[in-house]
Amino acid sequence: MYKSLCRSLGSLCHSVIDAIFRVPRRLYLRVNTAVISRDHLLDLLRAKGINVYPDPYVDEAIYILLAGPYKIEVLQKKIIVNRHAAESIMMGANTYAPGVIDYDYFKQGETVTIMAPNMKPVAIGVAVVDSDTLKKMRKGLVARTIKSVYRAPPIRDLPEYRAGYFYPQSLPAMMVSRLLDPKPGEVIVDMNSSPGGKTSHIAQLTRGAARILAFDRNTGKIERVRETLERLRLYRNVILAPADTRYIDIDLLGSGIADAVLIDPPCTGLGVRPKIEIRTSRADLINSYRYQRQFFRPAKTIVKPGGRIVYSTCTLTYEENQGNILYAIKTYKLQCVDLGHVPYAEKIVFDNCTAYRFGPHIEDMPGFFIAVLRKPLS
């Protein structure tokens, strides 16, 4: 796995890998400009004592500077959570039942250390239930975080979050929808839409005036998209359906119906920060890029001649990024589009193709890859 990262990053490899285990200093939020102005939301958050700033390049982006890192004490009572939960908890999130994998006996109100699977302490929490109750829980709050490795405001507990005024989203993820360049009146297909961040951003950028067809592989994922759109009040002109979009041109959609298609497939996630540990194997990588390649054929079929296909991942491996784009160009005769300068991104050129890479070595960003492709007119 490290070999693949180094093939992609070259001499920057080891410094980037080190940074993957650290939290980006900026926690980004996307302002839902369909319901509130950026300046108004900044005023509301600052009135709560939150130090929040406007991004200088992306109109709907604001960010909070994180405090830390802080040393976390290892107490007598511990709760061990899975890797994904640990990566959120170390930034201040609370502990919920689905993320718990093991625990000591503890009482309600007792102070406990929250541990990652590799036994790294990530937070101190106060239990809101006892361990006997936890045994019967499938969901719900287990411990409220009072100290974490990094400190961020509890943004999901804010009334502004519940009101749909913002969506927590990294700057590179926002750039995906911006580079797709959605326009009112267009038909846009999001092939891998859950949890709804990019789908809702497309709806926001087009003010609900584009027809968005958003798919994912099961009803649970589609329900998450629905919840996101409803909270943000951006459900207008969006059609949701569970589907395996590797066959969407055969099962649901005809040829040449879309002006733009977004492929944001499952990936190894090696650009997501912070990492607790990396357990991705070579077999995982092979399975991932082979799976991702299956989306290009239906995307080319359903997009109009001259239409746009944006491919993005939150990983940094060569095979899932540059390798897949070269495969799409060679196999499906798609054309690579050079968009010039993109804020915060490194413009990378390979085999006469241009793409954009974000990473810890560029403005302290999460790792992300974006390429814009075009279907030939004939």
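The values are calculated or read from the model by the stated rules, or taken from the named source; none is laboratory data. Since the model is a prediction, treat every value here as computed from it, not as a measurement. Using ideal geometry, Cβ is built from the backbone for each residue, glycine included, and neighbour counts are taken over all protein chains shown.
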Whichever residue in segment 38-58 is touching a strand residue (DSSP E or B) at 6+ places or on another chain (Cβ under 8 Å) and part of a loop (DSSP other than H, G, I, E, B) and, among such residues, is surrounded by the most Cβ atoms within 10 Å (Cβ to Cβ): Asp55
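When segment 305-325 is examined, which residues are found to be free of Cβ contacts under 8 Å to residues at least 40 places away in the same chain and either of a type in the set (Asp, Glu) or more than 19 Å from Leu179 (Cα to Cα) (or both)?
Step one: list which residues in segment 305-325 are free of Cβ contacts under 8 Å to residues at least 40 places away in the same chain, which gives 323-324.
Hit for segment 305-325 is Gly323, nothing else.
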Failed item, numbered, when Asp338 is tested on (1) touching a Leu at 6+ places or on another chain (Cβ under 9 Å); (2) on the phi < 0 side of the Ramachandran plot; (3) not β-branched (Val, Ile, Thr): (1)
Leading residue by the ranking (surrounded by the fewest Cβ atoms within 10 Å (Cβ to Cβ)) among those in segment 345-363 that are touching a residue at least 60 places away in the same chain (Cβ under 8 Å) and in contact with a helix residue (DSSP H, G or I) (Cβ under 6 Å, 6 or more places away or on another chain): His361
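For segment 264-313, give me the residue count where each residue is over 30 Å from Ala123 (Cα atoms) and of a type outside the set (Lys, Arg). Lay out the reasoning, then the answer.
Within segment 264-313, the subset over 30 Å from Ala123 (Cα atoms) is 264-265, 282-283, 285-312.
Remaining after also requiring of a type outside the set (Lys, Arg): 264-265, 283, 285-289, 291-292, 294-296, 298-299, 301-303, 305-307, 309-312.
Counting residues in segment 264-313 that are over 30 Å from Ala123 (Cα atoms) and of a type outside the set (Lys, Arg) gives 25.
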Counted residues, segment 350-364 - those being modelled with pLDDT of 95 or more and over 17 Å from Tyr327 (Cβ atoms): 3
Filtered residue count, segment 361-378, keeping only those that are within 13 Å of Val176 (Cβ to Cβ) and charged (D, E, K, R): 0
Checking Arg38 against (1) touching a residue at least 40 places away in the same chain (Cβ under 8 Å); (2) charged (D, E, K, R); (3) in contact with a Pro (Cβ under 9 Å, 6 or more places away or on another chain), the condition it does not meet: (1)
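For segment 269-304, what are the residues that are in contact with a strand residue (DSSP E or B) (Cβ under 8 Å, 6 or more places away or on another chain) and either under 27 Å from Ile212 (Cα atoms) or free of Cβ contacts under 8 Å to residues at least 40 places away in the same chain (or both)? Spell out how you get there, then give the answer.
Taking segment 269-304 as the starting set, the residues that turn out to be in contact with a strand residue (DSSP E or B) (Cβ under 8 Å, 6 or more places away or on another chain) are 271, 276, 292, 295-296, 299-300, 302-304.
Correct list: Gln292, Phe295, Phe296, Ala299, Lys300, Ile302, Val303, Lys304.
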Single residue of Lys198, Lys183 found to be surrounded by fewer than 17 Cβ atoms within 10 Å (Cβ to Cβ), in contact (Cβ under 8 Å) with a residue 12 or more places away in the chain and not aliphatic (A, V, I, L, M): Lys183
